[in-house]
Amino acid sequence: MNPYLAGTLLGLVLLSAMYISGRGLGASGGLKYCVVSVVGAVDKPHAEKSVYYSKYFEEGQKPLFNWLTMIIFGVLAGGFISGAVSKRLQFKIEKSPKISNTRRLVFAFIGGALFVYGAQLARGCTSGAALSGMAVLSVAGFVTMMAIFGSAYLFAWFFRKNWI
């Protein structure tokens, strides 16, 4: 897809999200709600007594039905439908021929875990902190975006042998 068209469409999606829901884009907190739901399902007394977990179950709330988890389920469903419609629905590991499937999957898992941890520390992922932050002209949004691209550029140099 043309990057200018993709950027324009992303901007329209962000504008629509802010207009319709009163919130920007971002779903990193959705994983937290999924984990809290699992803890509540596995050990409800612990979740109700815990200082951290109990706030997610106040007044009969169900964390699994939070808007962030709905976004995650929507992204998964949308990706599946998109793959099915375009006839690209298949299991495939994108990697350099120089590394094994196992190494690629291990690095992907570690990178994903670090991303989720960092998003929780930063109180937002690239979508929430950077895109939505920049859309409302937040200084933190611009700093976050510069840090994301700067660190990606530096890390790419160290890990380039896994792709080249």
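Since every read-out is calculated from the coordinates, none of them should be taken as a lab result. All figures in this text were calculated on a predicted structure; none of them were measured in a lab. Heads up, the Cβs are rebuilt from the backbone with ideal geometry, glycines too, and the neighbour counts pull from every protein chain shown.
Checking every one of the chymotrypsin sites (Phe, Trp or Tyr not before Pro) in segment 74-164 against DSSP loop status and a limit of 13 other Cβ atoms within 10 Å picks out 91, 163.
Checking the a/c ratio against 1.5 first, then a/b against b/c, what shape does the Cα gyration tensor give for segment 1-93? Oblate, because a/c is 1.5 or more while a/b does not exceed b/c. Between the amide H of residue 25 and those of 132, distances stay under 5 Å, these residues lying 5 or more places away or on another chain, with hydrogens modeled in the peptide plane. Extension gain, residue 106 to residue 13, is 30.2 nm, computed as 0.36 nm per intervening residue step minus the present C-alpha separation. In percent, rounded to a whole number, the relative contact order of the chain is 24, using alpha-carbon pairs under 8 Å and six or more apart.
Taken as Cα centroids, segment 1-59 and segment 70-149 sit 14 Å apart, rounded to the nearest whole angstrom. A straight chain from residue 51 to residue 85 at 0.36 nm per residue would run longer than the Cα-Cα distance by 7.7 nm. Once a ≥ b ≥ c are taken as the square roots of the eigenvalues of the Cα gyration tensor of segment 92-164, is the result rounded (a/c under 1.5), prolate (a/b larger than b/c) or oblate (a/b not larger than b/c)? Taking the square roots of the gyration eigenvalues as a ≥ b ≥ c, segment 92-164 is prolate. Between the beta carbons of residue 93 and residue 2, assuming R0 = 30 Å, the FRET efficiency works out to 0.65 to the nearest 0.05.
Averaging the sequence gap over all C-alpha pairs within less than 8 Å and six or more residues apart, then dividing by the number of residues, gives segment 92-164 a relative contact order of 31 percent. Look at (1) 56, 37, 30; (2) 55, 54, 25; (3) 52, 39, 36: the one that is Cα extents along the principal axes in Å derived from this structure is (3).
Helix content alone sets the calculated 222 nm mean residue ellipticity of the chain: runs of n ≥ 4 DSSP H residues at -39500 (n - 2.57) each, divided across all residues, give -21000 deg cm²/dmol. Spatially close Lys pairs in the chain, defined by Cα atoms under 22 Å apart and a spacing of eight or more places or different chains, total 11.
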